[in-house]
Structures are given as C-alpha cells and as structure tokens.
C-alpha cells in the first residue's frame with residue numbers, strides 16, 4: 001500500500017509505503033527530478049497492510065495512519081512538520097484490519113477513520129476528538145471478508161456514506177451516515193465473483209454518485225447506477 005503527500009512542505013510529493021513482510025513503513029522524500037530518497041523507516045510489531053495520510057491534529061502537516069493486521073490495531077504517527085513522524089498511539093479495531101480510508105463522518109471538520117476488518121466481517125469507525133486522538137471504535141456488520149472501502153454522499157443528504165467491498169461473499173455493503181458519526185445498518189448488493197475494489201463517481205452525468213466494482217474471479221466489472229435516495 002502506498003500514499004503520496006507532501007510531508008515536508010517543499011511542494012514536492014513524497015511517498016509512504018507499507019511493507020507487510022518486513023513489518024515496516026518507509027517514507028521517501030520526492031526530489032525535483034522525480035526521484036525519491038528514503039528519509040526514514042518505521043518498524044511495527046504487527047503487520048502493516050495499509051497506510052494513508054491526513055492532517056489529524058489540525059496543525060497543517062499530514063500525519064500517517066497505518067493498519068496492523070496481526071495485532072488488530074490502527075497506528076497513528078504525527079508529523080513534526082519536517083516530514084519526520086512520531087508514534088502516538090495504537091487503537092483497537094476488528095480482526096485482521098487490511099484497509100482504511102478517511103472522511104468527516106460527524107460534520108465537525110475533523111478527519112475520522114473507517115477500517116475494513118476482514119477477519120471479523122465488520123468495519124470500525126473511529127471519530128477524531130479534534131486533536132488527533134480518537135474515540136473507541138464503533139463496529140458495523142458488513143459481508144464476509146471486507147477488503148475495500150470508499151465514501152460518498154449516496155442519498156444527497158450532505159452526510160458521508162460508506163460502500164464496502166466484501167470479497168468472500170460477492171457483495172458490496174452500503175451504510176448510510178446520519179451525520180453524527182453513526183451509520184445505518186448495511187444494505188447489500190450482489191457483485192461478480194470475488195470483488196476487490198470500488199470507485200465512486202457520477203457515471204451517467206445525473207449529479208448522483210454511482211459505483212463501479214472490479215471482480216477478480218469472474219473477470220468483469222459491476223456497475224451500480226444511483227436511481228434514488230441511496
């Protein structure tokens with residue numbers, strides 16, 4: 001898993017890469033010629049599967065969030081402003097977390113987290129307290145083997161909703177947000193065989209977000225056109 005962000009405020013994109021086999025996350029600084037230089041390697045007790053970046057503590061510098069599959073946690077690293085990261089805390093989530101994404105789920109202008117837990121068939125939502133610390137996880141049931149999450153406003157109520165790819169049940173789950181950080185129970189939709197990822201976009205130019213899902217074992221693509229309020 002890799003994320004691109006300007007970590008050291010030089011207006012050049014840098015990279016953070018998770019390496020599950022050697023349990024590290026490597027940060028590489030970008031240069032003006034498009035090459036990268038390893039800045040720092042961070043070692044984990046668990047198995048870091050997914051990394052993303054956002055300004056969690058509202059200080060203007062992007063921080064790192066990493067899922068740890070082996071110990072069922074998500075790790076927070078704060079950016080000191082120069083692209084060096086300082087470990088903050090691990091938060092417990094469901095079993096075998098393997099993907100995460102971000103969004104403002106309770107409309108407080110802070111970045112919250114949602115994690116797909118393939119071992120417990122649920123997603124964990126962690127709400128940001130405003131300083132980069134998080135509430136305990138709230139878990140929501142989805143299908144078997146959730147492996148990917150995207151966000152969007154599917155019912156046009158200005159609140160962020162979730163769509164989760166369930167690789168082992170050949171479904172996607174849509175969870176509608178109510179704007180307070182709470183999500184309604186899942187609605188499930190069939191996909192092809194072994195879905196792996198989903199994108200959100202207006203595919204038919206009607207100003208409603210639609211979905212496209214890749215299916216690895218049926219070698220096809222499932223498209224879902226948004227026709228009503230979610």
- Task: Could you work out how far the C-alpha centroid of region 1-63 sits from that of region 210-230, in angstrom?
- Result: 31
- FRET efficiency (residue 4, residue 187; Cβ distance; R0 41 Å; to 0.05) is 0.80
- Assuming R0 = 45 Å, can you tell me the calculated FRET efficiency for the pair residue 36 and residue 58, based on Cβ-Cβ distance, to the nearest 0.05? 0.95
- Message: If I model a spin label at residue 197 and residue 19 as a point 7 Å from the Cα along the Cα→Cβ vector, what separation in nanometres do I get?
- Response: 2.2
- Query: Computed on alpha carbon atoms, what radius of gyration and Dmax characterise the chain, expressed in Å?
  - Reply: 17.6, 48
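Given a Förster distance of 30 Å, report the FRET efficiency between residue 221 and residue 70 from their Cβ-Cβ distance, rounded to the nearest 0.05.
Efficiency computed from Cβ-Cβ geometry: 0.40.
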- Task: Arrange the following residues from fewest to most other Cβ atoms within 10 Å of their Cβ: 172, 76.
- Result: 76, 172
- Averaging sequence separations of C-alpha pairs under 8 Å and six or more residues apart, then dividing by the length of region 77-229, give the relative contact order as a whole percent. 15
- Task: Please find, in a Gaussian network model of the chain (springs between Cα atoms separated by less than 10 Å), the residue of 217, 144, 205 whose mean-square fluctuation is greatest.
- Result: 205
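Every read-out reported here was derived from the displayed coordinates using simple, explicitly stated rules and does not represent laboratory data. Quantities reported herein were computed from a predicted structural model and do not represent experimental measurements. Cβ coordinates were reconstructed from backbone atoms using ideal geometry, including for glycine residues, and neighbour counts include every protein chain displayed.
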